[in-house]
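K.L.:
Have a look at the structure that comes next, please.
Read-outs throughout are calculated quantities, based only on the coordinates presented, and are distinct from any laboratory measurement. Because the structure is a prediction, the values reported are computed rather than measured. Counting neighbours? That spans all protein chains shown, and the Cβs are built from the backbone with ideal geometry, glycine included.
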Amino acid sequence: MIGDFLTWFYPTTKSLHVISMVAWMAGMFYLPRLFVYHAEAATEGSETAETFKVMERRLLRAIMNPAMIATWIFGLMLVFTPGVVDWSQGWPWVKAAGVIALSGVHGWLSAQRKEFEAGTNRRTGRTYRMVNEVPTVLLIIIVVMVIARPF
């Protein structure tokens with residue numbers, strides 16, 4: 001019964017998964033960039049620092065967190081849709097590892113936002129520039145696994 005519903009709902013689920021993933025990735029690209037500017041240009045306690053704190057909090061809470069949750073929900077619905085994923089192949093395992101890693105980066109960024117909020121950031125803009133590349137690499141791996149299914 002659930003399998004029938006998931007099969008019937010598959011095109012909608014897939015669409016919602018892609019939409020939520022795009023929103024999540026937009027935030028994953030932008031938040032570390034905000035951290036670069038915050039770390040380099042804002043003196044703690046300044047009006048600029050307070051503006052960055054508001055931007056970072058709103059981005060994380062209003063866009064990134066809901067988008068990540070939706071991506072996971074719709075992704076799991078796809079996983080449980082009969083005939084969509086063949087777990088005997090390698091690609092779904094690599095994709096799953098990529099999504100888990102991306103979720104870990106999201107959690108790390110969330111922790112960094114709390115440090116900025118508390119005025120205790122210890123990292124440089126250079127660190128956040130390097131971290132900014134991680135979601136891109138993970139996105140490439142995830143998309144290639146799903147589209148090309150190389151193994």
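K.L.:
Within segment 78-100, track down each residue that is buried (at least 17 other Cβ atoms within 10 Å of the Cβ), without any contact (Cβ under 8 Å) to a residue 60 or more places away in the chain and not β-branched (Val, Ile, Thr).
P.N.:
The answer is Pro92, Lys95, Gly98.
K.L.:
Pick out, from segment 49-151, the helices (runs of 4 or more DSSP H) lying fully within it that include 2 or more residues that are under 14 Å from Leu31 (Cβ atoms) and among the polar types (S, T, N, Q).
P.N.:
Values: elements: 65-79, 91-118, 125-131, 134-147.
In segment 49-151, 91-118 are the helices (runs of 4 or more DSSP H) which contain 2 or more residues that are under 14 Å from Leu31 (Cβ atoms) and among the polar types (S, T, N, Q).
K.L.:
So His38 clears everything in (1) exposed (fewer than 15 other Cβ atoms within 10 Å of the Cβ); (2) of a type outside the set (A, V, I, L, M); (3) over 29 Å from Ala148 (Cα atoms) except one condition, right? Which one?
P.N.:
The single condition His38 does not satisfy is (1).
K.L.:
Going by the structure shown, is Val18 of a type in the set (A, V, I, L, M) and in a loop (DSSP other than H, G, I, E, B)? Before you say what the answer is, go through the steps one by one.
P.N.:
On the way: of a type in the set (A, V, I, L, M): yes; in a loop (DSSP other than H, G, I, E, B): no.
No.
K.L.:
Please find, among Thr71, Thr51, Thr43, Thr13, the residue that is of a type in the set (Val, Ile, Thr) and farther than 27 Å from Thr136 by Cβ. Walk me through how you get there before you give the answer.
P.N.:
On the way: Thr71 fails: farther than 27 Å from Thr136 by Cβ; Thr51 fails: farther than 27 Å from Thr136 by Cβ; Thr13 fails: farther than 27 Å from Thr136 by Cβ.
Checking each option against the conditions leaves just Thr43.
K.L.:
Looking at segment 106-126 only, could you name the residues that are in contact (Cβ under 8 Å) with a residue 24 or more places away in the chain and more than 18 Å from the chain's Cα centre (by Cα)? If you could, list the steps in order and put the result at the bottom.
P.N.:
First, pick out the residues of segment 106-126 that are in contact (Cβ under 8 Å) with a residue 24 or more places away in the chain: 106, 109-110, 112-113, 116-117, 119, 121, 123-125.
Passing the criteria: Phe116, Glu117, Gly119, Asn121, Arg123, Thr124, Gly125.
K.L.:
Identify, from the list Val146, Val134, the residue that is in contact with a Lys or Arg (Cβ under 8 Å, 6 or more places away or on another chain), of a type in the set (Val, Ile, Thr) and surrounded by 12 or more Cβ atoms within 10 Å (Cβ to Cβ).
P.N.:
The unique qualifying residue is Val146.
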